[in-house]
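The values are calculated or read from the model by the stated rules, or taken from the named source; none is laboratory data. On a predicted model such as this, the values are computed, not experimentally measured, just so you know. Every residue, glycine as well, gets a Cβ built from its backbone with ideal geometry; the counts of neighbours run over all protein chains shown. The protein model used for the area step is the full one, side chains on, heavy atoms only, and it has no ligands, DNA or RNA in it. Shrake-Rupley method; radii C 1.70, N 1.55, O 1.52, S 1.80 Å.
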Amino acid sequence: KEYVKDILFSGQHLLSLINDILDMSKIEAGKMTLNTEVMYIHEMVGQVVRMIRGRADDANLKLDVDVAEVREIEADPRSVKQVLLNLLTNAVKFTPENGTVGIELIQKATGIIVKVSDTGIGISQENIEKLAKPFEQVNDDAKKQAEGTGLGLALSKSLVELHGGNFKIESTVGQGTTVI
C-alpha cells in the first residue's frame, strides 16, 4: 500500500508539473483561454486552505486566515485555485518553524485584493524580478532545500494578469514576503 501511495503521489506531482509547463507555454504563445464563471473567491480560499493545512501543521506554522465573505467575481476557477495554491504553498515552503502564513481578502469598489503573506526567509529586491520569470529560481543557501520548477510565481503572475489583475511582490530578507 505504501509503495502504491508513493507511486500515486509521484504521478500526481509529475502531472502537476506537466500541466504548469503546458499552461506557461499557452500563456507565452497567447493561446491561453480562460473558462470564466461566476464564483466566490472566499469559498475557493477555504478549499485551498484546507488543502495546505496539513503541510502548515507539519511545519509547525500558524495559519492566519482573514477571509470574510466577499461579492462574487467572474473568473476561471481552475486558474484562481492554481494561483492561491502556488502562493500558499510557497509561503509554507519558505517559512521556518513557528512562523505565520496568512491570507486576507479585501473588497474594494474596483475589485478584490488578495494578500498572501508569510514571516519566512524573504526575497531580496534584485531576486523579485527574477522570480517572476518562468523557470527562474534563486540559489540562496537558505532556499537550496526547496524543490520546484521555478514556475509557480511566473505562472501565478501570468494568470492574474490574464484576468486583468495586478501582481505585486513585497519582501524583506529575513522578515517575510507579501504577494498582492
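With protein chains left intact and a 1.4 Å probe, residues in the stretch 11-95 average 58 Å² of accessible area per residue. With both labels modelled 7 Å from their Cα along Cα-to-Cβ, the ASN166 to LYS5 distance reads 4.5 nm. For the stretch 1-78, the square roots of the Cα gyration tensor eigenvalues, ordered a ≥ b ≥ c, give a/c of at least 1.5 with a/b no greater than b/c, which places it in the oblate category. Stretched out straight at 0.36 nm per residue, the stretch from ILE21 to LYS62 would grow longer than its current Cα-Cα span by 11.6 nm. Expressed as a whole percent, the accessible area of the chain that falls on carbon and sulfur atoms is 50 (1.4 Å probe). For THR33 and LYS130, a Förster radius of 30 Å and the Cβ-Cβ distance give a FRET efficiency of 0.60, rounded to the nearest 0.05.
Over the chain, what is the percentage of antiparallel beta bridges among all DSSP beta bridges, to the nearest 5? Of all bridge pairs located within the chain, approximately 80 percent are antiparallel. Quick check: from the Cα gyration tensor, does the chain come out rounded (a/c under 1.5), prolate or oblate? Rounded, since a/c falls under 1.5. When nucleic acids and ligands are ignored and a 1.4 Å probe is applied, ILE180 ends up with an accessible area of around 50 Å². Computed over all pairs of different Cα atoms, the Kirkwood value for the hydrodynamic radius of the stretch 41-121 is 12.9 Å.
Here the Gaussian network model covers the chain, with springs between Cα atoms less than 10 Å apart; of SER79, SER156, SER124, SER124 fluctuates the most.
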